[in-house]
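Working notes for the structure below.
Here, each number is a calculation from the coordinates, and none is a lab measurement. Values in this document were obtained by computation on a predicted structure and should not be read as measured data. Positions of Cβ are backbone-derived with ideal geometry, glycine not excepted, and every protein chain shown enters the neighbour counts.
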Amino acid sequence: MSAIRLLVLGAVRQHGRAHGYQVRGDLEYWGAHEWSNAKPGSVYHALKQLAKQGLLLAHETAPSTAGGPPRTEYEITDAGAEEYFRLLREALVAYDQRTDVRSAAIGFLVDLPRDEAIALLKERIRRIGRWRSEVTEHYVPEGGPEQLGHIGEIMNLWVHTADSEAAWTQGLVDRLERGAYTFAGEGEPFVGVLADGQENPYATGERHPGDDG
């Protein structure tokens, strides 16, 4: 799964309708340009590709104030929303996802109903346990990595990473079960996007003509 696909669909959905510079600004505001492939060129390319696939609807609006061509604003389609939630649910339960995909999924976690989010995270813990069991068929953690030579350090890393992931996920489940955060259907959600015209303290400074308006 591509993190940029989930990130761009989620960012556009949060705005309702957004142009490329807004989407890019949101992802930079979240720090996604540091922990994912959400670089400027990737964001604009993803917007165009998602529009070609019918997941976003592209609207040409008034010409850019910078004098460039008309900027393009995007809104998510029904098919796009369906794809967004499919990617989100898949990323939450799969242990073999890359760090950027997992991070993107946690960032959009509250778009789901609370009970469903908790259930998905518990499924994630179950899958981590199953994956760990497959590793320990060949490696006994109590015996230490030396039992397999230096290659045992690889399996030792895998087991420790799995244990850490499971513990962190269980901690998140516990917080959610105690009522942390505002989920879909519970009231006004946390606003995690920049308002139009709001200065982005993390902007890289590179602009694409026609996208900023």
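For the reader, a short list of remarks on this structure follows.
- Net lengthening on full extension, Glu60/Ala119 (0.36 nm per residue, minus Cα-Cα): 17.2 nm
- Within the straight-line cut-off of under 18 Å between alpha carbons, the lysines reachable from Lys39 are Lys48, sequence neighbours fewer than 8 places apart in one chain being disregarded.
- 10 Å beta-carbon shell around Ile4, net charge (K/R +1, D/E -1): +1
- Sorted fewest first by neighbouring Cβ atoms within 10 angstrom, Ser42, Ser164, Ser36 come out as Ser164, Ser42, Ser36.
- Where labels lie 7 Å past Cα in the beta-carbon direction, separation of Asn37 and Arg175 in nm: 2.9
- With neighbour counts taken as other beta-carbon atoms within 10 Å, the residues Ile76, Ile128 rank, fewest first, as Ile128, Ile76.
- Extension gain, Arg86 to Lys48: 0.36 nm times the residue separation minus the Cα-Cα distance gives 11.7 nm.
- Ascending count of other beta-carbon atoms within 10 Å, so fewest first, for Ile125, Ile4: Ile125, Ile4
- Placing a pseudo-label 7 Å from each Cα along the Cα-to-Cβ vector at Ala79 and Glu146 gives an inter-label distance of 6.0 nm.
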